[in-house]
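A.B. asks: Before I ask anything, let me first share the structure, which is written out below as structure tokens.
The values are calculated or read from the model by the stated rules, or taken from the named source; none is laboratory data. Bear in mind that the values here come from a model prediction, so they are computed numbers and not experimental data. Heads up, the Cβs are rebuilt from the backbone with ideal geometry, glycines too, and the neighbour counts pull from every protein chain shown.
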Amino acid sequence: MHLQAPENLPMKIQNKKVADFAPLVLSAMKAVDYNHPSILPTPYIGTPFVVFPEWPHLGSEVAQQLAATIAGKKTIDEALKTCQKIANEVAEEGGYKH
């Protein structure tokens, strides 16, 4: 069974099918207290969770570049250059970079 993404998500992902557990994950993400990110006191605020809808795509693309480097198909410099290009494209397409 697939559920539709909740209406309050960005337009880019509203019409995509989501996994059955997506509502639970979304609820947990919305419940995060960025000012108190741990059960115990911390000297910082915030979380390591990246909150923008293009993150899974960017992460997958970067992972592919790292895998190509590990497999010896690309140099580290080639992979880093490609990763930077991908990140810039995602930032521009998402409206984060002008």
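A.B. asks: When the residues of segment 3-20 are narrowed to those that are exposed (fewer than 10 other Cβ atoms within 10 Å of the Cβ) and assigned to a loop (DSSP other than H, G, I, E, B), which ends up modelled with the lowest pLDDT?
C.D. replies: Among those that are exposed (fewer than 10 other Cβ atoms within 10 Å of the Cβ) and assigned to a loop (DSSP other than H, G, I, E, B), it is Asn15.
A.B. asks: Applying the selection to segment 22-59, what residues are surrounded by fewer than 10 Cβ atoms within 10 Å (Cβ to Cβ), at pLDDT 80 or above and not in a helix (DSSP H, G or I)?
C.D. replies: Hits for segment 22-59 are Ala31, Asp33, Asn35, Ser38, Ile39, Leu40, Pro41, Pro43, Tyr44.
A.B. asks: Are there any pairs, at least 6 apart or on different chains, whose C-beta atoms fall under 7 Å, with the first in segment 36-65 and without any contact (Cβ under 8 Å) to a residue 40 or more places away in the chain and the second of a type in the set (Val, Ile, Thr) and assigned to a helix (DSSP H, G or I), and if so, which?
C.D. replies: Partner pairs satisfying both residue conditions: His57/Val90; Leu58/Ile86; Leu58/Val90; Glu61/Ile86; Val62/Ile86; Gln65/Thr82.
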